[in-house]
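The structure appears right after this line, and notes come after that.
The values are calculated or read from the model by the stated rules, or taken from the named source; none is laboratory data. On a predicted model such as this, the values are computed, not experimentally measured, just so you know. Using ideal geometry, Cβ is built from the backbone for each residue, glycine included, and neighbour counts are taken over all protein chains shown. Heads up: the accessible areas ignore ligands, DNA and RNA and are worked out on the full protein's heavy atoms, side chains in. Shrake-Rupley method; radii C 1.70, N 1.55, O 1.52, S 1.80 Å.
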Amino acid sequence: MIHAAVDDYIPFIEYFIVPYLLWFAFIAVTFLWFFFHDVSGFYKMAAFLFTGMTIFLIISTLYPNGLDLRPVQFERDNIFVDMVKTLYKADTPTNVLPSIHVFNSIGVCIAISHNKTLSSRKVIHYGSLVLGISIILATMFLKQHSVIDVTLAGCMATLLYPVVYVRESRKVFRPKVTKHSVKKAMGD
């Protein structure tokens, strides 16, 4: 069972079901946009997300895990609580480490920030960051994930970022050396 002492201090806030469910559209819409508008960015984002999800599957296979954070009784009765109850029925609290919601949200935000078109549009750039952070918080406020799941997803994203994104930007331009370029450099 995954549990950190700080999990007990994080309140259940049912309104976070909205950003939690928006995650599905956030990932799908961004994935499709990159597919049709930025092939290079699409491959990087896909490599980042697919690698992370593969690591998640390996961890879940070798180290089956779960959590026991969900409330049994709810203080309020409203449509958001009803939505959370439906989520709880559909999504069991097993194999939660690391959080795919968190990892993929970080991955999509990184992809957007690396795309010149999307990052130059302030509403999209900052809107995606606000949505990504809201989704990450939602995983904890809905008691879907422990702080440990969230932290490990962030660590995994931090480790994969240089492999997928920084490696490409470190390529150094090396001009092709020819007889003509050497003669020109030497003043001939």
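Structure notes:
- The chain - charge dipole about Cα centre, Lys and Arg +1 at Cβ, Asp and Glu -1, debye rounded to 20: 1540 debye
- Among the DSSP helices (H) of the chain, those spanning at least 18 angstrom by Cα along their long axis with an average Kyte-Doolittle hydropathy of -1.0 or more are 17-37, 39-62, 100-114, 122-141, 147-161; this is a geometric and hydropathy rule only.
- In the range 1-76, the chymotrypsin sites (Phe, Trp or Tyr not before Pro) that fall in loop regions by DSSP, at most 15 other Cβ within 10 Å: F74
- Since only H101, G52, H145 are under comparison, the one whose Cα sits farthest along the positive direction of the charge dipole of the chain, derived from C-beta charges on Lys, Arg, Asp and Glu, is G52.
- Amide H within-cut-off set for G66, under 5 Å, with H built and near neighbours excluded: I2, N95, V96
- Partner aspartates and glutamates for K116 [C-alpha distance under 18 Å; skip if fewer than 8 residues away on the same chain]: D38, E168
- Ligands, DNA and RNA are left out, and with a 1.4 angstrom probe the accessible area of the range 65-131 is 55 Å² per residue.
- Exposure check, 1.4 Å probe, all protein chains in place: L69 carries approximately 30 Å² of accessible surface.
- For the chain, with +1 on Lys and Arg beta carbons and -1 on Asp and Glu, the positive-most of H125, V18, M1 along the dipole: H125
- Remark on the range 43-147: hydrodynamic radius 15.5 angstrom, per the Kirkwood mean of 1/r across alpha carbon pairs.
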